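Peer 1: Structure in structure tokens, see below.
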Amino acid sequence: MPLVSTNRLHKFYGKNHVLRGIKLDVEEGEVVTIVGRSGSGKSTLLRTLNGLESIDDGVIEVDGARLDVDHADGDTLRALRQKIGMVFQQFNLFPHLSVGQNVMLAPQVVKKMTNAEREGIARDMLSRVGLAEKFDAFPDQLSGGQQQRVAIARALAMSPKVLLCDEITSALDPELVNEVLNVVRRLAAEGMTLIMVTHEMRFAREVSDKLVFMHEGRIHETGHPQEMFARPATPEFANFIGSLN
Amino acid sequence: MISFSLWDIVRNLAIGGALTLLLSLVAFVLGGAAGLLVLFARIGKWRVPRAMAQMHIELFQGTPLLLQLFTLFFGLSLFGLDMPAWLAAALGLTLFTSAFLAEIWRGCVEAVPKGQWEASACLAMSYGEQMRHVILPQAMRLAVAPTVGFAVQVVKGTAVTSIIGFAELTKTGSMIANATFQPFLVYSLVALAYFVLCYPLSHYAQSLERKLHAAR
């Protein structure tokens, strides 16, 4: 039984049919990378998985939590979101809270953890991303790469079953990209289930178990990344990887 | 003929000034509390309270304060509701203030980036938790300077209540001017008194704006 599964997922923006029947299964411990041109629906697909974008048809199931068109109320969404962590392109740290408070906030208000519990978890997660010494710093005192690592720690502190990464290195200066990718690489090696949208093709090839190529709102081609890059099955994907170089 | 010393004038103006200050405080505190309720109705997800809040804001922003006071003071007495001037003044200014503060604060809540809503939603927080821990603390920081700035408008707005006979600073001034035949002196003193009340506030608003924009 897959950890994450979607079926018949449809999404419209007005008349624009951006997701046209997505079926995607992700096993526990799998690293899945979604690629495609801008406008292909890849970010939208990622954002529907935890209900940031509503869906117009279909089902999403994550570790027993289920969301469909008729069941998308606040409680359903929160149950789903307890299973899913998300990291954004723009970090979205809470600027009025220190790094430690950023990581501890959700364990405090959502999981009702005690002071000692949540501080322990926050310190653990921050050392996991190599930022234990920044516990009392504020987000604006950190580099972009450090902020993104804090955002990862913040997501991990809720012990999600799966982590969504939405172009998490796209807003970073080139010299800061690797420190973030290294954290993701380590998470993948530790068996974390990851679903990412990225433009870092080399990285995607290296860490992904499965590559998903989106084209015009559909999963156009999917498979093992090495094989897909070596032998693209569709002209659209061949065209896409051709345009990268 | 009775003669008035400068001391007589100043002493009486001081009483009017105290009432202006009191009325401003009442309007600002009660208006702020009511404004908070209007704000939550206005930005909340329930349709009916949202529409009512919007009507409240548009009504009190879209009509002159003077007419709001006339309606309360003269209008309600037609229905047998006899309202003393001080009550009509306090009530009118409170309603006026609540509409403006709600709208100022709504702007501040909406100025908090969408990513803050998304990030907190992804951490499985409820609407109330998001508001309390993530959105409002940031909106409040943005709101401080314009709120203090609006307090200046409230102080000056109290002058309008002189028309319905509330003996605040302006009304006291006009009575003294009529009695002393020294309108230039008296009204200059009245203007000076308003300046003494308002200048520190607007100065404070400016320094807050500088400070809070530089800080995180």
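The values are calculated or read from the model by the stated rules, or taken from the named source; none is laboratory data. Predicted model only: the values in this text are computed from it and were never measured. Counting neighbours? That spans all protein chains shown, and the Cβs are built from the backbone with ideal geometry, glycine included. Areas reflect the complete protein model, heavy atoms only, side chains present, ligands, DNA and RNA absent. Shrake-Rupley method; radii C 1.70, N 1.55, O 1.52, S 1.80 Å.
Peer 1: Can you tell me which residue within the stretch A:41-60, out of those that are farther than 15 Å from residue A:161 by Cα and in contact with a helix residue (DSSP H, G or I) (Cβ under 9 Å, 6 or more places away or on another chain), is most open to solvent (accessible area, probe 1.4 Å)?
Peer 2: A:54
Peer 1: Another question, if that's okay. Can you find, within the stretch B:133-156, the residue that is farthest from residue A:77 (Cα to Cα) among those that are at the interface with chain A (Cβ under 8 Å from one of its Cβ atoms) and open to solvent by 30 Å² or more (accessible area, probe 1.4 Å)?
Peer 2: So the residue we want is B:141.
Peer 1: I'd like to verify a number: residues in the stretch B:38-56 that are open to solvent by 50 Å² or more (accessible area, probe 1.4 Å), closer than 16 Å to residue B:109 by Cβ and among the β-branched types (Val, Ile, Thr), how many?
Peer 2: Qualifying residue count, the stretch B:38-56: 0.
Peer 1: Follow-up question, since we're still on this one. In the stretch A:36-58, which residue that is under 14 Å from residue A:199 (Cα atoms) and in a helix (DSSP H, G or I) is farthest from the other protein chains (Cβ to nearest Cβ)?
Peer 2: Among those residues, the one meeting the criterion is A:42.
Peer 1: Residues in the stretch A:141-151: is at least one in contact (Cβ under 8 Å) with a residue 40 or more places away in the chain, among the basic types (Lys, Arg), outside the structural domain of residue A:31 (by TED's automatic domain parsing) and on the phi < 0 side of the Ramachandran plot? Walk me through how you get there before you give the answer.
Peer 2: Of the stretch A:141-151, the ones in contact (Cβ under 8 Å) with a residue 40 or more places away in the chain are A:142, A:144, A:147-148, A:150-151.
After this cut, where a residue has to be among the basic types (Lys, Arg) as well, the list is none.
No: zero hits.
Peer 1: Of the residues A:102, A:92, which is in a loop (DSSP other than H, G, I, E, B) and modelled with pLDDT of 95 or more?
Peer 2: A:92
Peer 1: Something else about it: Could you check, for the stretch B:12-34, whether at least one of its residues is of a type in the set (Phe, Trp, Tyr), part of a helix (DSSP H, G or I), open to solvent by less than 90 Å² (accessible area, probe 1.4 Å) and within 23 Å of residue B:136 (Cβ to Cβ)?
Peer 2: Yes; the residues of the stretch B:12-34 include at least one that is of a type in the set (Phe, Trp, Tyr), part of a helix (DSSP H, G or I), open to solvent by less than 90 Å² (accessible area, probe 1.4 Å) and within 23 Å of residue B:136 (Cβ to Cβ).
Peer 1: So, of the residues in the stretch A:61-83 that are open to solvent by less than 40 Å² (accessible area, probe 1.4 Å) and touching a Ser or Thr at 6+ places or on another chain (Cβ under 7 Å), which turns out to be nearest to the other protein chains (Cβ to nearest Cβ)? Step through it out loud before you land on a result.
Peer 2: Kept after step one, since they are open to solvent by less than 40 Å² (accessible area, probe 1.4 Å), are these residues of the stretch A:61-83: A:62, A:65, A:67-68, A:74, A:76-77, A:80-81.
With touching a Ser or Thr at 6+ places or on another chain (Cβ under 7 Å) added as a condition, the list becomes A:67, A:74.
Numbers: A:67: 13, A:74: 6 Å.
Among those that are open to solvent by less than 40 Å² (accessible area, probe 1.4 Å) and touching a Ser or Thr at 6+ places or on another chain (Cβ under 7 Å), it is A:74.
Peer 1: Taking into account only those residues within the stretch A:84-106 that are more than 8 Å from chain B (Cβ to nearest Cβ) and in contact with a strand residue (DSSP E or B) (Cβ under 8 Å, 6 or more places away or on another chain), which is surrounded by the most Cβ atoms within 10 Å (Cβ to Cβ)?
Peer 2: Once the filter is applied, the top-ranked residue is A:87.
Peer 1: Right, another one. Could you check how many residues of the stretch B:14-55 are in contact with a helix residue (DSSP H, G or I) (Cβ under 7 Å, 6 or more places away or on another chain) and of a type in the set (D, E, K, R)?
Peer 2: Of the residues in that region, 2 qualify.
Peer 1: Residues in the stretch B:117-132: is at least one touching a His at 6+ places or on another chain (Cβ under 6 Å) and crowded, with 17+ Cβ neighbours inside 10 Å?
Peer 2: To start, the set of residues in the stretch B:117-132 that are touching a His at 6+ places or on another chain (Cβ under 6 Å) comprises none.
Within the stretch B:117-132 (the criterion being touching a His at 6+ places or on another chain (Cβ under 6 Å) and crowded, with 17+ Cβ neighbours inside 10 Å), the answer is no, since none of the residues qualifies.
Peer 1: If I filter the stretch A:107-127 for residues that are surrounded by fewer than 18 Cβ atoms within 10 Å (Cβ to Cβ), in contact with a helix residue (DSSP H, G or I) (Cβ under 6 Å, 6 or more places away or on another chain) and within 12 Å of chain B (Cβ to nearest Cβ), do I get at least one hit?
Peer 2: Within the stretch A:107-127 (the criterion being surrounded by fewer than 18 Cβ atoms within 10 Å (Cβ to Cβ), in contact with a helix residue (DSSP H, G or I) (Cβ under 6 Å, 6 or more places away or on another chain) and within 12 Å of chain B (Cβ to nearest Cβ)), the answer is no, since none of the residues qualifies.
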